[in-house]
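Step one of this worksheet: look at the structure below.
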Amino acid sequence: MATLTETLPTETKASSIKYVYFFGGGKAEGHGKMKDDLGGKGAGLAEMTNAGLPVPPGFTIQTEACREYMRHGKASADVNRQMDGALERLEKLQGQRLGKGENPLLVSVRSGAKFSMPGMMDTILNLGLNDESVEALAKRGNNARFAYDSYRRLIQMFGSVVLEIPKHAFDEVFDAKKKQKKAKLDTDLDAKALKEVIVEYKKVVKKHAKQDFPQDAHDQLVMAREAVFRSWNNDRAKHYRRISNISDDLGTAVNVQAMVFGNLGETSGTGVGFTRNPATGANEFYGEFLMNAQGEDVVAGIRTPVPILELEKVMPKVYNQLREITTRLEKHYRDMQDFEFTIQEGRLYMLQTRNGKRTGRAAVRVAIQMVEEGLITKEEAIFRVEPNQLYDFLVPRLDEKNAKVEVLTKGLPASPGAAVGQIVFTADEAVKKAGHGASKHPVILVRAETTPEDIHGMEVAAGILTSRGGMTSHAAVVTRGMGKCCVVGAGDLGVDEKKREVRVKGQVFKEGDWISLDGTSGRVIKGKLNTLPPSPDDPEMLTFMAWAEPFRKLRVRANADIPRDAIQARAFGAEGIGLCRTEHMFFAEDRIPHMRAMIMAREEADRRTALKKLLPMQRADFVGIFKAMDGFPVTIRTLDPPLHEFLPRREDLLVEIAVLEATKPKSPKLKELHKVLTRVEELHEFNPMLGHRGCRLGITYPEITEMQARAIFEAAVAVAKDGIKVLPEVMIPLTGTLKEMANQAAIVRRVAEEVFTEKKQRVEYMVGTMIELPRAALVADEIAKEAEFFSFGTNDLTQTTFGFSRDDINKFLPAYLEEGILKQDPFAVLDREGVGQLVRMATERGRKTRPNLKVGICGEHGGEPSSVEFCHMTGLNYVSCSPYRVLTARLAAAQAAASDQLKVEGGRTK
Ligand code: PEP
Ligand code: MG
């Protein structure tokens, strides 16, 4: 990014950039629309100040200063000059001086980026305290305990944020002091004890940072400002930006604001709240507060906060003022607000307001209610729900009405939904306890963390709970794929797998005890709650979708391989099947022997015999799918994976053979196993993903394509005879040349005619191809001579374009993301620049040959909102995704089209 500051050394030349924006005394230099510069928090503070709300005065150092700091490693002279000017103005307005005099000014220093990144960056409170000003503060407030407590908090926060001293170094000192003084709560330590803590804390600083805690308040400010700039690039922040699609280039603003204290006694307090319930969306005032406390006490969970409605009893005037202000804020921003406030000696101060984060259900309800209240239009409402949030409607949730809910702890909400079951500690135990069929029993697998060895237990468990791991840990990733509820990283849990017990909150839970998990909020709840079933037909969600859907241009289909999934997909609104992977039908217990017989056969005749046995089974599946789709198109792909996938693994065979040779050397099975081993070895490929798979199978074994085409057309004719409309689309995988396509299309068309003649009935059908290879994209105009439709297999197309193995990318992907070499996993979010270019080019070239060419996508990207947006922009006809993502894809497609038509910002890349 070429900027002014790169070409003009800012140290020598005064620039015209305004880096620092003041707010206070009823007026702000910035305003609410300046989020790019002031960040969300800074813009909100400016807006609230201008609206005449009680906001402690201060100033915002804008994001450009952060970007410069990241480039040059230091702030420019201009930034320093402007900051000092703003500080002077603040001191004048307050009649105080930073960290000086009888009534010292203290400030908070907080981050605030354009997009809210809750808790990801750093904050420092009570800045300005030093050995002198702490005494002044003690005298002024006539409260020595409060003053020393504020000072020790500053040293602790400053130490960990600015000087990067591990937190536990301070915690150890504090806990030791509590032990020594036999104090149960932090608040039990008196002024004298806290003074001793301060002495110890300073030693910690000296030891770890090799410098003294800075006594100069101005030095503190500069150092804190820079630490906040640096916190933009801490691991948490980087990770959050990646999963939220926020650009790394934005930088954060820094807000410096006069401190107000919620811990000045019984008429002071602090709290947070929402103008509506963020979990349900109900229009009720929601939040919590604590009297005589500072913000971090609420967050840290040291004391249990009180529901906000109680504030009406404690301080009715303040309560009413807070309600009046927050109602005004919601009307002003036309969205649910998440606010922070502090009461200092009976006076209310607003510290922050922003649009509140909410669950999917709440997002839908709030959007609908706000339309009904006349606050927003239906068109605006469409953008108030993130497409991924609709998943909430498709998973079960806890029924908390009339239930005793004792939250034991909170972990990361890794995979949404709810699960209630009895605790087990090992995967084997899970399998044993969970049972089968009618005697199925819900279990929750509780582990420190899961590994691939636990997969069998994870499969049968109702839910998974781990004490370690993050949002991309094994447990998180696997359960999301399974659509199973999971809470990870619940650090308060002491899981002892050997003793088969878990300790939390001073309680011990053993194998067999009941717990309930909320995978949407991360809560772990004691006992057996009831669950509410998923509600894909929730009336509010349907109303909401009915507003969005008319805009949608893209059709949304589902990837479904068996009739059950097809029925599910229809229930979620799929308008056809975009990919039926026929090989999945062969893995069933009753089919795999025939499949293996087919692969073992050396002669075509033997292969045909085996295929004949598979034909009726495959035909029955297609009948089920055609019926479920009832007139919607069904794309069926001919066999794709390399054949060895259907045979036992070589290593397993070797073991089995060795055992038999040692125990029953005469067993006839041994001979059979040797034959299988020989075949497995023949089929072995160094690089099976680029090997004998896709259309290459159908070309070398045309009888496979024949059998599959026959099953498709016989099923289609049978269903059509029942009066149900069928639209089969036969899809050839992994083509790269026109001749490959022509070869397979000829077989399919020949068999179709044979079946139509035999059965004396025709059905409409198409033959098309997947575009999964760069070459196919390059010669798409040629391939379209034979292919009547294209479907982008972006899993393979990503693999072949990048040359990244889709199975092995995790070896280096974390490093690539960490280094910023890749912004996202290209197998999750379509790479617009590279793979996307091929998609665009193939679509254009294909349509040059065949103007009405139907084009879709059926890789994993088909259900990911940003990729769906790209497909809309590229003029595809449809996207196809797993049934559980159909709703998400429908909304993403509707939003993409609505943002075109309404000319509003709906772009998914921030
Ligand atoms: C693809 O490659 O995108 C695709 C859908 O096929 P598969 O995942 O079965 O290889
Ligand atoms: Mg593929």
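Structure above, values below:
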| quantity | calculated |
| --- | --- |
| Nearest-0.05 FRET efficiency for residue 725 and residue 606, computed from C-beta distance (R0 41 Å) | 0.60 |
| Value in Å of the Kirkwood radius, where segment 446-579 supplies the Cα pairs that are averaged | 17.6 Å |
| Taking segment 352-487 and dividing mean pair separation by its residue count, relative contact order in percent (alpha carbons under 8 Å, at least six apart) | 21 percent |
| At R0 = 30 Å, FRET efficiency that the Cβ-Cβ distance of residue 404 and residue 168 yields, to 0.05 | 0.30 |
| Cβ-based exposure ranking for 145, 384, in which fewest neighbours within 10 Å come first | 145, 384 |
| Helical contribution to [θ] at 222 nm, DSSP H n ≥ 4, -39,500 (n - 2.57), averaged over the chain, rounded to 500 | -13500 deg cm²/dmol |
| Residue 28 long-range amide H proximity, modeled H, under 5 Å | 50 |
| When the convex hull of its Cα atoms is projected in every direction, mean area for segment 769-821 (nm²) | 4.1 nm² |
| Rg in Å to one decimal, and Dmax rounded to a whole Å, for segment 499-562 via C-alpha atoms | 20.3, 58 |
| Packing-based exposure ordering (other Cβ within 10 Å, fewest first) of 256, 763, 839 | 763, 256, 839 |
| The chain - percent relative contact order, Cα under 8 Å, separation 6 or more | 8 percent |
| Calculated P(r) tail over 49 Å for the chain, as whole % of Cα pairs | 32 percent |
| For segment 640-776: span of alpha carbons on each principal axis (Å, largest first) | 60, 39, 20 |
| Residues whose placed amide H lies under 5 Å from that of residue 55, excluding near-sequence neighbours | 350 |
| Shape of segment 690-764, Cα gyration tensor, a/c cut at 1.5 | prolate |
| C-alpha long axis of helix 539-548 to longest principal axis of the chain, angle in ° | 80 degrees |
| Neighbour-count ranking [beta-carbon atoms within 10 angstrom, fewest first] of 70, 370 | 70, 370 |
| Sequence ranges 692-700, 784-792, ranked by mean other-Cβ count within 10 angstrom, highest first | 784-792, 692-700 |
| Prolate/oblate/rounded label for segment 359-478 (Cα gyration tensor, a/c 1.5) | prolate |
| Rh by Kirkwood over Cα pairs, then Stokes-Einstein D for segment 771-910 at 1.002 mPa s and 20 °C, µm²/s | 138 µm²/s |
| Rounded, prolate or oblate (a/c below 1.5 giving rounded, otherwise prolate when a/b exceeds b/c) for segment 239-288 by Cα gyration tensor | oblate |
| Protection proxy ranking of 230-238, 154-162 - average other beta-carbon atoms within 10 Å, highest first | 154-162, 230-238 |
| Around residue 126: net Lys/Arg minus Asp/Glu count, Cβ-Cβ under 10 Å | +1 |
| Helix axis angle, 144-161 relative to the chain longest principal axis, alpha carbon, degrees | 40 degrees |
| Rotationally averaged projected area of segment 171-306 (alpha carbon convex hull; nm²) | 12.0 nm² |
| Table column - 3J(HN,Hα) (Hz), segment 756-766, Karplus curve with 6.51, -1.76, 1.60, x for Gly and Pro | 4, 5, 4, 8, 6, 7, 10, 10, 6, 7, 9 |
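Where a number appears in this text, it was derived from the coordinates with a stated rule and is not lab data. Quick caveat: nothing in here was measured; it's all calculated off a predicted structure. Every residue, glycine as well, gets a Cβ built from its backbone with ideal geometry; the counts of neighbours run over all protein chains shown.
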